[in-house]
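To start, the structure itself, in structure tokens.
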Amino acid sequence: MGSRAQLVRAINEGQQAGIDRQRVTACPYPAGDLRRSAWVRGYAAGRRAAG
């Protein structure tokens, strides 16, 4: 699934994707992978930060 470092990296990647206004479907992690959930959480935070 993912170590803590991998989850933090996924959050950061998702946040940057949100800031860059990429589509949520750009998530590189498969369904069922904890990194996908982390990426999506980061993505949502990035979208909020981008306004």
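Quick notes on this one:
- Considering region 28-37, the residues that are open to solvent by less than 80 Å² (accessible area, probe 1.4 Å) and touching a residue at least 24 places away in the same chain (Cβ under 8 Å) include one that is farthest from G51 (Cα to Cα), namely D33.
- Enumeration of residues in region 1-27 that are open to solvent by less than 90 Å² (accessible area, probe 1.4 Å) and either β-branched (V, I, T) or outside any helix (DSSP H, G or I) (or both): G2, S3, V8, I11, I19, D20, Q22, V24, C27
The values are calculated or read from the model by the stated rules, or taken from the named source; none is laboratory data. Since we're looking at a predicted model, the values are computed, not measured. Glycine gets a Cβ as well: all are built from the backbone with ideal geometry, and neighbour counts include every protein chain shown. Note: areas computed on protein heavy atoms with side chains; ligands, DNA, RNA excluded. Shrake-Rupley method; radii C 1.70, N 1.55, O 1.52, S 1.80 Å.
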